[in-house]
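Comments concern the structure below.
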Amino acid sequence: MTCKRLLFVFAFSFLIPAGLLVAQEAVVRGFVYEAATGEPVMFSNVYIENSTYGNSSDINGYFSINRIPPGNYTLLVTYLGYDTLRVAISLKAGDVLSKRLNLVESSFSLETVNVTAERMEAEGETRTSVVNLTPRTINRLPSVGGQSDLAQYLQVLPGVVFTGDQGGQLYIRGGSPIQNKVLLDGMIIYNPFHSIGLFSVFDTDIIRNAEVFTGGFGADYGGRISSVMDITTRDGNKNRVSGKISASTFGSKLMAEGPIVKAKHENGGSSSFVLSVKNSYLEQTSKSIYNYVDENGLPFNFLDVYGKVSINAANGSKVNFFGFRFDDQVNNYKALSDFSWNSYGAGTNFVVIPGKSPVLIEGHLAYSSYEANLSEQSSPDRSSSINGFNMGFNFSYFLGRDVLKYGLEMLGFKTAFNFTNGVGRTINQFENTTEIGGFVRYKATIGKLLFEPSFRLQYYASLANLSPEPRIALKYLVNDWMRLKMAGGMYSQNLISADSDRDVVNLFYGFLSGPDNLPSRFDGEDVNHKLQKANHFILGAEFDLHRYVHLNVEGYYKDFAQLTNLNRNKLYDESTAGFTVPDILKKDFIIEKGEAYGADIAVKYEANRIYIWTVYSIGFVNKKFEVVEGGLANYRPHYDRRHNANVIVSYTAGDRKQWEMSGRWNFGSGFPFTQVQGYYEFLNFSDGINTDYISTNGDLGIIYADLNAGELPTYHRLDFDIKRRFYFSERTTLEANLGVTNLYNRENVFYVDRISNEVVRQLPLMPSFGLSLSF
């Protein structure tokens, strides 16, 4: 079936059951907004008083309560920090009543409302291996450089391993960064983190919600085999111009938002904008303020720009237009290398509420591009780029407490890559790729059981491979304080990493399309597809130990059944090598397999003015590849951290909560690394058989020990900050922030230079100060 026919079928199908769903019963649906800003209120509780009919608002503030008998009712809306809203409604058989509900911020907070909201979500959603993050949550973490950032909070999530303050990347339950999908308003972001690993490309103040799936995610998402991070930005203040200006010893930021066209009445349409610009001038300030870290300064620079325009219809339907530009530059890092990357893109997404049909239609169309370049004194230059589009349409039907969702997704991208391996052989690749995916997911509530099966069909056109991927999630409500849950599924992806296993400092972050010239056999068996594939299985339990104390325990297993990696042992050009030369010595890419397994324990206490979040993770990651002698060799990837622990404590003081203190302690066992056994003179025979090997000066070659057989020392760090807010008026607030990174100056090892044997440390004790004005 052609793509056009598939789109027609999906677009037409939502009309079919509309009349069947509301024939004898009524539907109440609509949106919940903040009265002050017009911003959607997520996860609010909307229910019929003195009944079992109710639901929660989604990421767009949308709710739908179905199968309500005709009659007169009171509709209640509750959410933490807002006054309870009561609305009288009258329903007749077949009615589809649309409501726009505006919540007013309350003068005091009610912890009981928060408990009720979390309890309803826990009992109504499977929520296995997923965490929702909002600016309120992120700001509880001690801010580095005076700026709270999503990258800093992701490091404390269960199952997440962070590899360093400088050049660090996030590895999620055994998955490498290339196996983690990042979406911003539906648009693919290829590199979400800057070279100084303390900051992401996202401005916390414009984030509405960040949904992080560490495994076992449903069929809504495809094209990655480890995890998904789905970020949604705010629409912008619809009532007045507001914003934020901040500056610190690390960088500065400007955020502005406001109405373009105000609604003429309470239920009218409107349009708004939001714009964010943030940058780092650490390279300049570090030469004076932090010159004790490095007399040459910390050469990390970035500039991030994001803008969005939202057009809202009276019934809640809306369309957004957005664009971004992210730049990162590392100048003369340790006098050895220059690294830079830039990324840009634009797109649109929409939400449509058809007239009397109980369906929600969502869609997106976007283009994004990423290019990275690395120049090193001791190695050839490297470059990588990827650009392309992605689009999709989703349809959601609300059937009482059940939900049916299905959709179609298509993406196309082009990759270019240039790399020279450790033995001087060059690998070049230029590829165009198209992927098409369709999915269906059904969430059913059967007594105390939440049952959520889903299925995805993903077609990789460039590899001519079709991947059927069944997935499932379950939750059983044992009693009022205990819930058991499970998730699992099959996953595939085409993209592979352009990183080198030999890199000591992994600044370079590149992309490759999955090649079609893989070895024909692996581990004694024929290779029947060219994709990377994984199977997930997760088992867990949730406990409400106290009104304010919640415990979450999960065990996971990820079977990476087939992986593709750069061939670190390539010696011959495939075009000239004879058939007697084994694939492992001439192919650009090799096949590997692996597994990741472990357990995560998270405890949260939240009451009054105290917030405590404690996480402990134990994890094991193993990979296998073929060796020339035959058989498989095992190795630990460089991010295999056995133990990881985080403790966050936040306390708010003062009659207006104007004081806030927070601390975070992180502990991690040592990372594996490849040791050096010796050195030799390396001749690359650039002139072939005419090379005069007697007089030619060779390069310094390194004799490596077994891959990642060594282990670095343990890592631990304590961060602390204190904030003071000054309220000048109802709308104007100045916040002063004083923070300290690595409070007790732990000398954590960053890496050991393979030539000089110099031990390079992570960031030492670094105080920071910042001011932020909100208006």
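The values are calculated or read from the model by the stated rules, or taken from the named source; none is laboratory data. Keep in mind that what you see is a predicted model, and the values were worked out from it rather than measured. Ideal geometry is used to build each Cβ from the backbone, glycine not excepted, and the neighbour counts take in all protein chains shown. Only protein heavy atoms, including side chains, enter the accessible area calculation; ligands, DNA and RNA are left aside. Shrake-Rupley method; radii C 1.70, N 1.55, O 1.52, S 1.80 Å.
Between 172, 207, 138, which is open to solvent by 10 Å² or more (accessible area, probe 1.4 Å) and within 15 Å of the chain's Cα centre (by Cα)?
Only one candidate qualifies: 172.
Residues in the range 728-745 that are closer than 24 Å to residue 106 by Cβ and open to solvent by 80 Å² or more (accessible area, probe 1.4 Å) were compared, and the one that is modelled with the highest pLDDT is 728.
Taking first residues from the range 277-292 that are farther than 17 Å from residue 149 by Cβ and partners that are modelled with pLDDT of 90 or more, the Cβ contacts under 7 Å between residues at least 6 apart in sequence or on separate chains come to 283/301; 285/249; 289/249; 290/766. When we screen 86, 136, 119, 127 for residues that are modelled with pLDDT of 90 or more and of a type in the set (Lys, Arg), the only hit is 86. Looking across the range 570-589, the residues that are open to solvent by 30 Å² or more (accessible area, probe 1.4 Å) and aromatic (Phe, Trp, Tyr) come down to 572, 579.
Would you confirm whether any residue within the range 298-305 is of a type outside the set (Lys, Arg), in a loop (DSSP other than H, G, I, E, B) and at pLDDT below 90? So far as the range 298-305 goes, yes, one or more of its residues are of a type outside the set (Lys, Arg), in a loop (DSSP other than H, G, I, E, B) and at pLDDT below 90.
Condition check ((1) open to solvent by 10 Å² or more (accessible area, probe 1.4 Å); (2) basic (Lys, Arg); (3) under 22 Å from residue 330 (Cα atoms); (4) free of Cβ contacts under 8 Å to residues at least 12 places away in the same chain) across all residues:
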position: 358; (1), (2), (3), (4): no, no, no, no
position: 361; (1), (2), (3), (4): yes, no, no, no
position: 366; (1), (2), (3), (4): no, no, no, no
position: 373; (1), (2), (3), (4): yes, no, yes, no
position: 377; (1), (2), (3), (4): yes, no, yes, no
position: 381; (1), (2), (3), (4): yes, no, yes, no
position: 386; (1), (2), (3), (4): no, no, yes, no
position: 393; (1), (2), (3), (4): yes, no, no, no
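Answer yes or no as to whether residue 596 is small (Gly, Ala, Ser), assigned to a strand (DSSP E or B), at pLDDT 85 or above and open to solvent by 10 Å² or more (accessible area, probe 1.4 Å). So residue 596 does not fit the description; no.
So, residue 225, is that one hydrophobic (A, V, I, L, M, F, W, C) and over 11 Å from the mean Cα position of the chain (by Cα) or not? Yes; evaluated as a whole, the condition is true for this residue.
One line per residue, one yes/no per condition, for (1) of a type in the set (A, V, I, L, M); (2) in contact with a helix residue (DSSP H, G or I) (Cβ under 8 Å, 6 or more places away or on another chain); (3) farther than 30 Å from residue 555 by Cβ:
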{"residue": "198", "(1), (2), (3)": "yes, yes, yes"}
{"residue": "206", "(1), (2), (3)": "yes, no, yes"}
{"residue": "224", "(1), (2), (3)": "no, yes, no"}
{"residue": "242", "(1), (2), (3)": "no, no, yes"}
{"residue": "248", "(1), (2), (3)": "no, no, yes"}
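Residues are listed down the side, and each one gets a yes or a no for (1) in a strand (DSSP E or B); (2) open to solvent by 10 Å² or more (accessible area, probe 1.4 Å); (3) in contact (Cβ under 8 Å) with a residue 24 or more places away in the chain; (4) hydroxyl-bearing (Ser, Thr, Tyr):
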{"position": "218", "(1), (2), (3), (4)": "no, yes, yes, no"}
{"position": "222", "(1), (2), (3), (4)": "no, no, yes, no"}
{"position": "225", "(1), (2), (3), (4)": "no, no, yes, no"}
{"position": "228", "(1), (2), (3), (4)": "yes, no, yes, no"}
{"position": "232", "(1), (2), (3), (4)": "yes, yes, yes, yes"}
{"position": "237", "(1), (2), (3), (4)": "no, no, yes, no"}
{"position": "245", "(1), (2), (3), (4)": "yes, yes, yes, no"}
{"position": "254", "(1), (2), (3), (4)": "yes, yes, yes, no"}
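Exactly one residue out of 152, 179 is at pLDDT below 90 and either open to solvent by 10 Å² or more (accessible area, probe 1.4 Å) or on the phi < 0 side of the Ramachandran plot (or both), and it is 152.
Of 498, 487, all but one fail to be surrounded by 18 or more Cβ atoms within 10 Å (Cβ to Cβ) and closer than 22 Å to residue 158 by Cβ; the exception is 487. Looking at the range 306-331, which of its residues are part of a loop (DSSP other than H, G, I, E, B), modelled with pLDDT under 90 and either open to solvent by 40 Å² or more (accessible area, probe 1.4 Å) or not small (Gly, Ala, Ser) (or both)? Of everything in the range 306-331, those that are part of a loop (DSSP other than H, G, I, E, B), modelled with pLDDT under 90 and either open to solvent by 40 Å² or more (accessible area, probe 1.4 Å) or not small (Gly, Ala, Ser) (or both) turn out to be 314, 315.
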